[in-house]
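**Q** First the structure, which I've put down as structure tokens, then a few questions once you've had a look.
Here, each number is a calculation from the coordinates, and none is a lab measurement. Source: prediction; values computed, not measured. Positions of Cβ are generated from backbone atoms using ideal geometry, with glycine treated the same way; all protein chains shown enter the neighbour counts.
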Amino acid sequence: MKAYKRKYPLFSLCGLNCGLCPRYQTAGASKCPGCGGPDFHLKHPTCAVISCNLKHDRIEHCYQCSQYPCERYSRSNQADSFITYKNVASDFAKAKKAGLGRYQSELDQKVKILEFLIADYNDGRRKNFYCLAVNLLSLPDLQGIMRGIEGKIQDFGGDRKTMIKTVIGLMESSAKNRNIELKLRT
């Protein structure tokens with residue numbers, strides 16, 4: 001595949017939230033640049049969705065295609081990769097209804113929350129959990145969790161283990177209230 005570039009690589013052509021993926025949130029050689037980001041074609045030399053797009057409407061996101069929903073989106077994807085596919089249809093619907101700019105703004109806020117969690121509440125084993133939780137939980141839920149964290153910072157007394165346990169508890173509780181399972185499907 002030749003160089004493939006996009007204006008906003010955090011929300012992929014196929015509907016994944018690249019900015020919330022553990023591979024995007026990695027430092028080093030295995031870091032993914034996001035869909036159509038710098039040197040994307042070197043990290044992902046083939047992509048069936050990009051090939052399809054080049055044969056059809058050459059749009060920014062599959063939901064904009066004249067043939068959407070095609071067979072790829074008509075059947076439910078029951079397996080996840082590094083990132084979950086659970087919200088692709090609902091994220092596309094949100095971007096279509098609210099507008100791409102508004103969806104990107106929401107995604108930017110979620111990426112900022114994720115980066116904060118990884119920087120301040122990661123014991124080296126939580127990045128994948130945070131990526132999944134931030135992807136699946138709504139922005140208002142995440143903002144509530146952030147307020148909960150701020151309200152409990154003084155209670156932590158600098159105990160990192162307790163801080164991390166509290167953050168995870170807040171996320172799991174929010175997910176349970178929304179009937180969301182915080183696990184990748186394999």
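**Q** Filter the range 118-143 down to the residues that are within 18 Å of residue 31 (Cα to Cα) and hydrophobic (A, V, I, L, M, F, W, C), then identify the one that is surrounded by the fewest Cβ atoms within 10 Å (Cβ to Cβ).
**A** Checked the range 118-143; the qualifying residue surrounded by the fewest Cβ atoms within 10 Å (Cβ to Cβ) is 119.
**Q** A further question follows. Give the residue that is farthest from the chain's Cα centre (by Cα), with candidates limited to residues of the range 99-134 that are of a type in the set (A, V, I, L, M, F, W, C) and more than 18 Å from residue 12 (Cβ to Cβ).
**A** Filtering first and then ranking leaves 119.
**Q** Can you name every residue in the range 36-46 that is outside any loop (DSSP other than H, G, I, E, B) and either in contact with a Cys (Cβ under 8 Å, 6 or more places away or on another chain) or not aliphatic (A, V, I, L, M) (or both)?
**A** 40, 41, 43
**Q** Residues that are over 18 Å from the mean Cα position of the chain (by Cα) and either outside any loop (DSSP other than H, G, I, E, B) or crowded, with 18+ Cβ neighbours inside 10 Å (or both): does the range 13-35 have at least one?
**A** No, the conditions are met nowhere in the range 13-35.
**Q** Of the residues 97, 55, 2, which is out of contact with any strand residue (DSSP E or B) (no Cβ under 6 Å at 6 or more places or on another chain), within 23 Å of residue 113 (Cβ to Cβ) and either surrounded by 15 or more Cβ atoms within 10 Å (Cβ to Cβ) or among the charged types (D, E, K, R) (or both)?
**A** Checking each option against the conditions leaves just 97.
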